[in-house]
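No lab work stands behind these numbers, since they all come straight from the coordinates. Since this is a predicted model, take the numbers as computed values, not measurements. Counting neighbours? That spans all protein chains shown, and the Cβs are built from the backbone with ideal geometry, glycine included.
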């Protein structure tokens, strides 16, 4: 397979065309951003870790009935994926109050929610990815009702699978972000799942094992990313 011209470069990834119809290559970068790109930096080998972790978790989810764009890992930094039409929504699944939710609702970080919360943000960098509700989604024609129903169902199933999987490796899944795309008329999971997109805390100590270490200048960023992958690969 031949990698051809770059189609898109985002904050954490580059997407390339290939010589095979309907297949793209995603390359994971070491660039790190926070607060909608206000804070920028580099996490050494982050791209390698996020590629491996996403490959592992998307394979796990496929085995549990979640359709994804993932095809296979090509090398340390690249994976082959189906070409999808990305639905311009960030889907945030929250199990425990942390980050912006804790601030908005005046809750102490670590407060367990009585119900899993699903939030939607409009993927629009120039607007700062604002939070929107389902009425906004339909008014802007970002997705159809049946697509949102599928996204909700998949998100809750993914949450269930990952809570169990991380829990077996002594990690709490606090919250995480998902993106979905359209493929052959159906909604499938796309993008990535990594310490960039998920809040993970150590099950015993509540030590943060994710990008909050970069956001909040907590230190040991590279070491923590390596630790998360090593726990998953056991």
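Each of 213, 182 was scored by other Cβ atoms within 10 Å of its Cβ. Arranged with the fewest first, they read 182, 213. Normalising the average separation of contacting C-alpha pairs (under 8 angstrom, six or more residues apart) by the number of residues puts the relative contact order of the stretch 85-220 at 24 percent. Annotation for the stretch 146-202 versus the stretch 33-73: alpha-carbon center distance of 11 Å. Applying 1/(1 + (r/R0)^6) with R0 = 35 Å to the Cβ-Cβ distance of residue 126 and residue 233 gives a FRET efficiency near 0.35.
Quick one: grab the alpha carbon gyration tensor of the chain, order the square roots of its eigenvalues as a ≥ b ≥ c, and give me rounded if a/c is under 1.5, else prolate or oblate depending on whether a/b is larger than b/c.
Working: a/c = 1.41, a/b = 1.12, b/c = 1.26.
Here the chain falls in the rounded category.
The alpha carbon gyration tensor of the stretch 3-82 gives principal lengths a ≥ b ≥ c with a/c of 1.5 or higher and a/b no greater than b/c, which makes the shape oblate. The alpha carbon gyration tensor of the stretch 82-193 gives principal lengths a ≥ b ≥ c with a/c of 1.5 or higher and a/b no greater than b/c, which makes the shape oblate.
In this rough spin-label picture, where each label sits 7 Å from Cα along the Cβ direction, the residue 39-residue 7 distance is 3.2 nm.
What number, rounded to the nearest 500 deg cm²/dmol, is the helix-based mean residue ellipticity at 222 nm of the chain, given -39500 (n - 2.57) per DSSP H run of at least four residues and division by all its residues? The helix contribution divided over the chain gives -9500 deg cm²/dmol.
Summary value for the chain: 17 percent relative contact order, contacts being C-alpha pairs under 8 angstrom separated by 6+ residues. Ordering 38, 187, 161 from the fewest to the most neighbouring beta carbons within 10 Å gives 38, 161, 187. Here 136, 69 are placed in order of increasing Cβ neighbour count within 10 Å, fewest first, which gives 136, 69. Spin-label pair residue 140-residue 223: with each label point 7 Å from Cα along the Cα-Cβ axis, the two points sit 4.1 nm from one another. Between residue 207 and residue 85, the distance separating the two model label sites (each 7 Å from Cα on the Cα→Cβ line) works out to 4.6 nm. As a length-normalised measure over Cα pairs under 8 Å and 6 or more apart, the relative contact order of the stretch 3-82 settles at 25 percent.
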